[in-house]
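Below: the structure, in structure tokens.
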Amino acid sequence: GLHHVNRRRVAVKESPDLKSWTHERTVIVPEEGDPTDFYGLTVFRRGDLFFGSLQLYETEQHHISSELIWSGDGFSWQRLPQQAQKSWLAPDKNGAWDDGMVFLYEKPVIVNNEMRFYYNGTDTPHTDFGVSAIGLATTPLDRLIGARALADTLGRIITRPMRVNGDLFINAEARGNIRVEVRSAVRDEPMEGWTAADCTPFTGDTLDLNVRWGEKTLKDLNGQIIRLRFSLDEATLYSFDIR
């Protein structure tokens, strides 16, 4: 009804010179199960993606928390299913200095192998004025969102076709193992010598492992167009990079 129409959403305008602007284009709208309003969106770039800290404003307690979302172009934004969402940046428990509202300031500061997110927190809801202070949230490098295999299930991820221009590095953790298969982009068949069975399996916890197929590395295929298929056995893949 009218209440849904009036719910606050996120829109984008573009400008080549910061003077003339396009008409606003709505990109994210609250859905069933969401808090009342999307209060705002803080965006930062990492790799080839835009990440966004989506501010969720619920109008019963008037608290503001944040959900991590991502986009390839800044217009089409992806969200985790509600059952898979975990608190990205949320007010702390009652009585804490940041138990009212939290807002991410800007992009993370990278220090060694850690991402540091500075945020503003208040001890009051949006309906009141209280103490504001600066908070710090940290995570290992690029461990923002991961793809995890279900228990007792071999998870598989296949990429879109890409041209090889370097070696393959992964950010992952595995109690079981992770293997990578190189497949033909045209026929989508495993390439001889580059199958999952040929891949040196990874077990453990790494932020930047160079994947190998015996004595071979991906740059041996430089210039070719391929797909990668990741097999995850009790494992989580956070990101991969070709460089």
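Yes/no matrix, rows are residues, columns are (1) over 30 Å from Glu32 (Cα atoms); (2) of a type in the set (D, E, K, R); (3) at pLDDT below 95; (4) touching a Pro at 6+ places or on another chain (Cβ under 8 Å):
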residue: Phe51; (1), (2), (3), (4): no, no, no, no
residue: His63; (1), (2), (3), (4): no, no, yes, yes
residue: Arg79; (1), (2), (3), (4): no, yes, yes, no
residue: Asp99; (1), (2), (3), (4): no, yes, yes, yes
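Any residue in the range 183-197 that is of a type in the set (D, E, K, R) and touching a Leu at 6+ places or on another chain (Cβ under 9 Å)? So far as the range 183-197 goes, yes, one or more of its residues are of a type in the set (D, E, K, R) and touching a Leu at 6+ places or on another chain (Cβ under 9 Å). If the condition is being polar (S, T, N, Q) and open to solvent by less than 70 Å² (accessible area, probe 1.4 Å), then the range 100-124 contributes Asn120, Thr122, Thr124. Taking the criterion of being open to solvent by 20 Å² or more (accessible area, probe 1.4 Å) and either under 17 Å from Gly166 (Cβ atoms) or in a helix (DSSP H, G or I) (or both), the residues of the range 217-235 that qualify are Lys219, Asp220, Asn222, Gly223, Gln224, Ile225, Arg227.
The values are calculated or read from the model by the stated rules, or taken from the named source; none is laboratory data. If you're wondering where the values come from, they're calculated on a predicted model, not measured in any experiment. Cβ atoms come from the backbone with ideal geometry, glycine included; neighbour counts cover every protein chain shown. Areas reflect the complete protein model, heavy atoms only, side chains present, ligands, DNA and RNA absent. Shrake-Rupley method; radii C 1.70, N 1.55, O 1.52, S 1.80 Å.
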